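Each remark here refers to the structure printed beneath this line.
Bear in mind these aren't lab numbers, they're just calculated from the coordinates by the rules spelled out. Remember, predicted model here, so these are calculated numbers, not experimental data. So basically every Cβ, Gly included, is an ideal-geometry build from the backbone, and we count neighbours across all protein chains shown.
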Amino acid sequence: MNILIVADPLELFKIYKDTTFSMMREAQRRGHKLAACVPQDLAWQRGRPVTAKVREIVLTGEKDAWFRVETLREVPLHEYDAVLMRKDPPFDAEYIYATHLLEQAEREGARVVNKPRSLRDHPEKLAIMEFAEHTTPTLVTRDAQAVRAFHAEHQDIILKPLDGMGGMGIFRVKADALNLGSIIETLNKDGAETIMVQRFVPDIVKGDKRVLVIDGKPVPYSLARIPQGTEVRGNLAAGGLGVAQPLTPEDLKIAEAIGPVLAKRGLLLVGLDVIGGSLTEINVTSPTCFQEITEQTGFDVPAMFIDALEKLVASGK
């Protein structure tokens, strides 16, 4: 296969843990060819297909100079067997514009993973609304009074922005309501921005588990991201400790209920965030944790993903 990866600049990758890098390494090991670009490299002009200025690369196996650029050229996206959209959040206007360009490339014959329309249709915080039976009590609102009423009912809550990543902007407010007003003002900017509020799940001390689902099938291990010290956030970017562990019956039930539904919508790779048996987020932009799970358990997550990608390409869908 010829594979194009649309991602953040390669120079910024932390290859010791980066999931996209692990995909690329497994693809090259199987003899597939790699190219990479950033969303800024995508372009469309009337009368021409969507193109990208790409770097065709080879992974060197070295720690620092880990890739070598073979050629630089402008290529129509439909010439690739697969285009992997692996740009990290934020899920901002530029991200959305990139999905529109990628969707146009699909109309021209490109195969894009994950499917651009489904990326837009499943914002990571709000996608849980469709699967409410698996979630903790949750409120999505701009209304400060609604947030106060939710706190009065549940006493211990988590507040977070809809466009955050890596644990950014997450606050916990306990029964004493300390700083609740200030936190609401900070997050929803006097009603200008919608926020999410969830009942605090005490099982966060056991970890915010990332459950990976590939082509509708769960990886048999999750990565429990365990908060450290006085931190309430388990996100690895916020200093959480990642511990791989077998899926629990509750994890498996959630993954088996949601995974096949999303796979039918062209979401080949999904990351479910589960705390204490409750679904808290559905990650579809660039789910991570491949390397941590593989290194700790021996289960080859990148191989499972490339197997699924090869199957998709071979199917001609």
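Helix-only estimate, please: 222 nm mean residue ellipticity of the chain, summing -39500 (n - 2.57) across DSSP H runs of length 4 or more and dividing by its residues, to the nearest 500. Could you put the intermediate results ahead of the total?
Values: 8 runs with 90 residues, N = 317.
Rounded to the nearest 500, the figure is -8500 deg cm²/dmol.
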If the limit is 24 Å between Cα atoms, which of LYS14/LYS253; LYS17/LYS63; LYS17/LYS53; LYS14/LYS209 go over it?
LYS14/LYS253; LYS17/LYS53
Would you kindly state how much longer the chain becomes between ALA175 and LYS189 on full extension, computed as 0.36 nm times their sequence separation minus their alpha carbon distance, in nm to one decimal?
2.7 nm
About its Cα centre, what dipole magnitude does the chain give when the only charges are +1 on Lys and Arg Cβ and -1 on Asp and Glu Cβ, stated in debye to the nearest 20?
500 debye
Along the Cα-to-C-beta direction of GLU62, a point sits 7 Å from the Cα; which residues of region 1-22 have their amide N less than 18 Å from that point?
10-16
Mind checking which lysines have their C-alpha under 24 Å from LYS189, skipping anything on the same chain fewer than 8 residues away?
LYS125, LYS160, LYS174
Any idea how far apart LEU241 and LYS206 come out in nm if each label point goes 7 Å out from Cα toward Cβ?
1.7 nm
So, with +1 on the Cβ of K and R and -1 on the Cβ of D and E, and no other charges, what is the size of the charge dipole of region 2-114 about its Cα centre, to the nearest 20 debye?
280 debye
For the pair SER182 and LYS217, how long in nm is the line joining their label points, each one 7 Å along Cα→Cβ?
5.1 nm
Return P(r) of the chain (all Cα-Cα pairs; 20 Å bins starting at 0; whole %; ordered from short to long distances).
32, 56, 13, 0
Can you tell me the convex hull volume per residue for region 1-127, based on C-alpha atoms, in Å³ to the nearest whole number?
108 Å³
Put +1 on the Cβ of every Lys and Arg and -1 on every Asp and Glu Cβ in the chain; which of ILE57, LEU162, GLN40 then has its Cα farthest towards the positive end of the dipole?
ILE57
Once both label points are put 7 Å beyond Cα along the C-beta direction, the ASN2-GLU133 separation in nm becomes 4.6 nm
What percent do you get for the relative contact order of region 101-196 when only Cα pairs under 8 Å and 6+ apart count?
27 percent
Taking the number of other C-beta atoms within 10 Å as the exposure measure, put ASP208, ASP251 in order starting with the fewest.
ASP251, ASP208
Under Karplus coefficients 6.51, -1.76 and 1.60, residue-wise ³J(HN,Hα) of region 149-164 in Hz, glycine/proline x
5, 5, 5, 4, 6, 9, 6, 10, 9, 10, 10, 7, x, 6, 10, x
Take GLU295, GLU74 and order them by how many other Cβ atoms sit within 10 Å, fewest up front.
GLU74, GLU295
